[in-house]
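Data block below; observations after.
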Amino acid sequence: MDGDEVRSAASDLLDAGAHEPLDAMRHSAAHVMAATVLELFPEARLGIGPAIRDGFYYDFDLPRPLTPADLESIEKGMQAQVAADLPFERYEQDRDTAVGELEAANQGLKVEIIRDLPADDATVISFYRHGSFTDLCRGPHVASTGKLGPFKLLNTAGAYWRGDETRPMLQRIYGTVWDTQDALDQHLWRLEEAKKRDHRKLGRDLDLFSFHPESPAAPFWHPKGMVLWRELERWSLEVRQDGGFDEVRTPAVVRRELWETSGHWDLYQDNMFVLDDSDHQSGLKPMNCPESMLIYKTQLRSYRDLPMRLADYSWLFRRERTGALAGMFRVRQLTQDDSHVLCRDDQVIDEVNLALTLVRRQYAPFGFQPRFKLATRPAKKLGTDEFWDMAEGKLAEALKAADTPYEIDAGGGAFYAPKIDVFLDDALGREWQMATIQADYQLPQRFDLEYRTAEGGFERPVVIHYAIYGSFERWIGVITEHFAGAFPAWLAPVQALVIPIADRHLEYAAEVQAALRQAGVRAEVDDRSERMQAKVRDAQGQQVPVMLVVGDRDAEARAVSPRLRTGEQSQGVPLDEFVTELAGRIQRRELWPLAE
RNA sequence: GCCGACGUAGCUCAACGGCAGAGCAGCGGUUUUGUAAACCGCCGGUUGUGGGUUCGAUUCCCUCCGUCGGCUCCA
């Protein structure tokens, strides 16, 4: 669930919002579920129950934790209500009556919602009723409970009342409902498929990385994972180099004074690993930017030096809260493909434009089509409205200059600057936020950066930050799930596996391997004393892009019989010809071989 | 950090108050094979940790560690 869903969930009762038929169905399903829960637990207090992407949830204050068996009985109760085909009826009440009735029904949480509604007379307190169940609700709903599509309750989870961790924790039940059985089955299949592709499982099966309790949430990279990492790194550095970047590297242990200057000591310390030495305090760096500021300041810069583009791929350390950790998606030690551009104010648009170009280029060999959102000023912000008008305007202009369609994420900006967020849709239709591009006017001020102008005066530069993969860790997690472990050949840890049919073919297999390696292909020989069929099976399991079966016929003709992991195979392909073709595809970073 | 669930061999799982088991993997041997699993044998465990209840705990209770689903956080 992403941030937008959270926001829409929280404002559900204040917002007519859902007008899609599917949304109405989902919201109605939440009511049907709440009705059943009240039957089973008459003392239950109701929180909120909105439609969300793919389904719905409802929050309850219950006398005891729910069990999977409870979910089953709730589902049964819901089925009964669907069978009864109870109509949904809307009615309105004035504020006092509504509060009185809800208080009588022990629904204090609902009372709180009403109390927080705007107090003007135009505010209508509307309720929806079906059967004996009524709920404070803006609607709309389907006509009757019989109109609910096929549904399934998925899981339960704790959720703070109104998303506030100082408030009581309620029990949330998630469910999904669709207009057809087919659509429901497909959704359940996607959930199932996501489980199979889980990068934590594939990372182990493909021997890419491991996690250990000795260093929770910090990945240990195995040889194959490291190959993948280096390929990704090589590609992103190539993109940076073509974009006019220079690479730098900065220390991990940094004294407190720097973080005080950057503001992290005050604002981010909870997320930092702080080290105490005898005479001073330090912090492991959670971000690279402050240190790049120091590099900038080692000389008096001229307007001619700008833009100065620095890439810093150092290790970062963030003391993430235990409950937030999630495989590669949230780790405590990470590496960003971090980019800082120090430029003049009049260069901001061009530099953001360049960033957008680099983002698209870096994503291309993965087959991703990024989508962009302009995240504008939040309620709690630094700086004047004039500043925000200017900063948002520049980002918008850069998006336009780069001919980039985008959405607006109103209020989604950081408190000190607007940003452009970049999103990807993976093979299962899941949305991931990856890159973020920010034009930062605060940090140069904090570090008192300046440059000599043509006129001999001093001006303050702007810093544009972005990381395109985001972090290597998270990127590897995402692409592992996107490709289900079947990485394109240019990324695959083993690109070609030579499979000799019998021991007498080992010598020729070694020749084939040497020819491949000569051409820059990561090639191995499966010299185990196994049947060829078993070697093929294992290679398929490891998602090796290309298997090269060699036997008598091949050795004699200096040929190979390739099999792609897609199942496609041919025989007697001349060795040189095949090596050239494969090496070419790898060098061009083709999205190959792909299942259908 | 909070709510809930989970933790048994390298992996996937069984046993659920009474001798801890299977498949795969690994190792040894046999087999030398033409495109998704050859055959035989062997090894493998202080049931995450510490404590409690019990004649007896993998099983029940508590602590801690870790993981998972969410919430919160993601300057």
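Below are the figures for this structure:
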read-out	value
Value of relative contact order over chain A, rounded to a whole percent, pairs C-alpha under 8 Å and six or more apart	10
Sparse-neighbourhood loop sites, trypsin sites (Lys or Arg not before Pro) in the stretch A:447-522 - DSSP loop, at most 14 other Cβ within 10 angstrom	none
Extension gain from A:Thr261 to A:Glu165, taking 0.36 nm per residue of separation minus the Cα-Cα distance	31.5 nm
Ranked list, fewest to most other Cβ atoms within 10 Å of each Cβ, for A:Ile295, A:Ile479	A:Ile295, A:Ile479
Chain A: angle of helix A:348-363 to the longest principal axis, Cα-based, in degrees nearest 10	70
Three-way shape label, the stretch A:221-269, alpha-carbon gyration tensor, a/c 1.5	oblate
Relative contact order for the stretch A:491-574, counting Cα pairs under 8 Å that sit 6 or more residues apart, in percent	31
Placed amide H near A:Leu86: partners under 5 Å, 5+ positions off or other chain	A:Thr145, A:Gly146
Qualifying trypsin sites (Lys or Arg not before Pro) for the stretch A:270-306 [loop in DSSP, other Cβ within 10 Å: at most 16]	A:Lys297
Amide hydrogen neighbours beyond the local backbone of A:Asp409, cut-off 5 Å, H modeled	A:Leu374, A:Ala375, A:Thr376
Pair A:Gln269, A:Ala84: separation of 7 Å Cα→Cβ label points (nm)	5.8
Low-density loop cleavage sites - GluC sites (Glu not before Pro) in the stretch A:30-132, where at most 11 other Cβ are within 10 Å (DSSP)	A:Glu43
HN-Hα J in Hz across the stretch A:574-585 - Karplus 6.51, -1.76, 1.60, θ = phi - 60°, x for Gly and Pro	x, 4, 4, 4, 5, 4, 4, 5, 5, 4, x, 4
Dipole magnitude of chain A, debye to nearest 20 (Cβ charges: Lys/Arg +1, Asp/Glu -1, about Cα centre)	1160
Length added when fully stretched, A:Leu22-A:Ala119, from 0.36 nm per residue minus Cα-Cα	31.8 nm
Helix A:506-518 axis, angle to chain A major axis (alpha carbon atoms, nearest 10°)	80
Neighbourhood charge, 12 Å Cβ-Cβ cut-off, centred on A:Arg204 and excluding it, Lys, Arg +1 and Asp, Glu -1	0
Degrees between helix A:532-541 axis and first principal axis of chain A (Cα, 0 to 90, nearest 10)	50
Principal axis dimensions, largest first and in whole angstrom, of the stretch A:465-514 by Cα	56, 21, 13
Radius of gyration and Dmax over the Cα atoms of the stretch A:278-394, both given in Å	17.7, 52
Charge sum, other residues only, whose C-beta stays under 10 Å from A:Ala311's C-beta, Lys/Arg counted +1 and Asp/Glu -1	-2
A:Leu395, A:Leu102, A:Leu382, A:Leu424 arranged by Cβ crowding within 10 Å, fewest neighbours leading	A:Leu382, A:Leu424, A:Leu102, A:Leu395
Mean projected area (nm²) of the alpha-carbon convex hull when the stretch A:343-421 is viewed from all directions	5.3
Assigned charges on the beta-carbon of Lys, Arg, Asp, Glu; the stretch A:293-369 dipole about Cα centre (debye)	340
Chain A shape via C-alpha gyration tensor axes, a/c threshold 1.5	oblate
Expected 222 nm ellipticity per residue - DSSP helices of 4 or more, -39500 (n - 2.57), all of chain A, to 500	-11000 deg cm²/dmol
Stretch gain in nm, segment A:Asp350-A:Ser132, where the contour uses 0.36 nm per residue and the Cα spacing is subtracted	72.3 nm
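Bear in mind these aren't lab numbers, they're just calculated from the coordinates by the rules spelled out. These numbers come from a predicted model, not from an experiment. FYI the Cβ positions are ideal-geometry reconstructions off the backbone, even for glycines, and counts take in every protein chain you see.
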